[in-house]
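Taking it in order: structure first as C-alpha cells, then the write-up.
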Amino acid sequence: MAKKGKKKGASSLGSDGSVIASNRKARHEYTILDTYEAGIALVGTEIKSMREGKASLVDAFATVDDGEVWLRGLHIPEYSHGSWTNHAPNRARKLLLHRREIDSLVGKVRDGNSTLIPLSLYFVGGRVKVELAVARGKQAHDKRQDIAKRTAEREAVREIGRKIKGMTG
C-alpha cells in the first residue's frame, strides 16, 4: 500500500487553503456587515515571507482612493534570505477587486460609520487572498452584550452535555 503523506512539493506553511494571518480582534471590535475576497498586489519577497507564515493584520485597514482599494497597516516583515531587493514592511498594498465590487464598497463606506477591515490572509491556488469586511464599530455596551450572549450559549451547551452524560438529575 502506498504511503499517505504530503504531496511532492507541498510545504506545511503557505500551502493552499492555509491561513497566514487572521484579525481575531476585528470581530470583537466591529459588527461585520458584509465580506469580500480580494487579491493583493505583492512583490516576490513579500510572498516568500508569507510562505514562512509571517504577516500581521493588527493595525490594518483598507481605504478607497481614486477608484482603487488600498490595504494599509499590513505588516509583512522582510524576507530573511532577501538582499537589497527586500520590500518595505509597512507599505500600502493594492487590493484587486472587480469594478462593480469597488463601486459597491464606495457606496457602503461613503454612507458613514462603516470602514473596511481585513479579517484574514490566506492562500488560494498559490495566490494570497484577503477577506475584507465592511464593518461598523461597536459601542462598549454592544461588546458586553456579545460576551454575555456567548457565555450563556456556552453554559447551555455544557448543561446539555451534563444531562446527556447523566451527571445532573
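Hey, can you rank 119-127, 142-150, 69-77 by average C-beta count inside 10 Å, highest first? Spell out each step's value before the answer.
On the way: 119-127: 15.9, 142-150: 11.4, 69-77: 19.4.
Sorting 119-127, 142-150, 69-77 by mean packing, highest first, produces 69-77, 119-127, 142-150.
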Using the beta-carbon distance between Arg72 and Arg154 and R0 = 35 Å, what value does 1/(1 + (r/R0)^6) give for FRET efficiency, to the nearest 0.05? 0.45
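Ranked highest first by average number of other Cβ atoms within 10 Å, how do 31-41, 128-138, 53-63 line up? Walk me through the numbers on the way to the answer.
Values: 31-41: 14.9, 128-138: 19.5, 53-63: 17.6.
Peptide ranking by packing, descending: 128-138, 53-63, 31-41.
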Sequence-separation-based contact order of the stretch 84-169, relative, with Cα cut under 8 Å and 6+ spacing, percent: 17
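Taking only C-alpha pairs under 8 Å that are 6+ residues apart, what is the relative contact order of the chain in percent? Each step should come with its number before you reach the end.
Details: 270 pairs, mean separation 48.3, N = 169.
Computed over the chain, the figure is 29 percent.
Just to confirm a number: summing +1 for Lys and Arg and -1 for Asp and Glu over residues other than Gly44 whose beta-carbon lies under 13 angstrom from that of Gly44, what do you get?
Details: positive: Lys48, Arg51; negative: Glu46, Glu78.
Spelling it out: positives minus negatives among the neighbours equals 0.
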The set of residues whose placed amide H lies less than 5 Å from the amide H of Lys138, leaving out same-chain residues fewer than 5 positions away, is Tyr30, Thr31
Approximate spin-label separation Ala92-Val58, in nm, with each point projected 7 Å along Cα-to-Cβ: 2.3
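Rule-based calculations on the coordinates, nothing more; no lab input. From a predicted model like this one, the values you see are computed outputs, not experimental measurements. Positions of Cβ are backbone-derived with ideal geometry, glycine not excepted, and every protein chain shown enters the neighbour counts.
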